[in-house]
Amino acid sequence: MARPPFRRRRFSALRLLTRLTLLACCLWSGGFLIYLTAVFTSAPPNPLPPADGIVALTGGDDRISEALALLAAHEAPLLLISGAGKGTYLGDFTQDDRTAATRYASAITVGHMATTTHDNGVETAAWAKAHNMHSLIIVTADYHMPRALLEIRNALPGMRLIPDPVRPPAMRDGLTWPTLRLLAAEYSKYLVVRAGLGSLFSDSASGNY
């Protein structure tokens, strides 16, 4: 007996949906592998080109230490620590780097506005424009760098961005299930930003590592 037309249509729609879902999964998986390769092979330029400023996105002590080291090495004259919570000040980030923090305090701005990566871009843009900057060294975790660069580029079109990725301690021993879940979530967020929806995120800009 022939199937009723509505059953054939429902079967065809289900089959189309299944194929589209499989295609989306394949595309996501392929992009995720490219993202993983980019993260685990990322490194700053050597030597770093001259820049007008350094931006460190909060979320790990290593990021601030790296940014202070760049400032002390005169890689750029000014530093923005973006994403500090209200009531958080320079000394709260630099307990292990007191000498550098004290010596270069006048060159360091602690930004209190950003609570998400999208906000990091907005905060960075305001600071860079206020100082008439044309190039920035961006310091954040390696897994967070693609999304951070995208958000900052969206806020500062034409700005030269120089990535200086930092490997979080928890990722230095390779992939584990927790880090893989973190990376998968971060890649998905990156795709959302690529779609122009980064301002919808209310997640922490810093991530977990």
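Taken together, the values in this text are just the output of simple stated rules run on the coordinates, not laboratory data. Keep in mind the model is a prediction, meaning the values are calculated, not measured. No Cβ is skipped: glycine too gets one built from the backbone with ideal geometry, and neighbour counts run over all protein chains shown.
Observations on the structure shown:
- Extension gain, residue 88 back to residue 25 (0.36 nm per residue minus Cα-Cα distance, nm): 18.5 nm
- Approximate spin-label separation residue 33-residue 181, in nm, with each point projected 7 Å along Cα-to-Cβ: 2.5 nm
- Counted by Cβ distance under 10 Å from residue 113, the other residues give a net charge of -1, where Lys and Arg count +1 and Asp and Glu count -1.
- Segment 163-199-segment 36-76 distance, computed between alpha-carbon centres (Å): 17 Å
- Applying the Karplus relation 6.51 cos²θ - 1.76 cosθ + 1.60 with θ = phi - 60° to segment 166-181 yields 3J(HN,Hα) values of 10, 7, x, x, 5, 9, 7, 9, x, 7, 10, 4, x, 5, 5, 5 Hz, where x marks Gly and Pro.
- The order of the peptides 155-168, 51-64 by mean Cβ neighbours within 10 Å, most packed first, is 51-64, 155-168.
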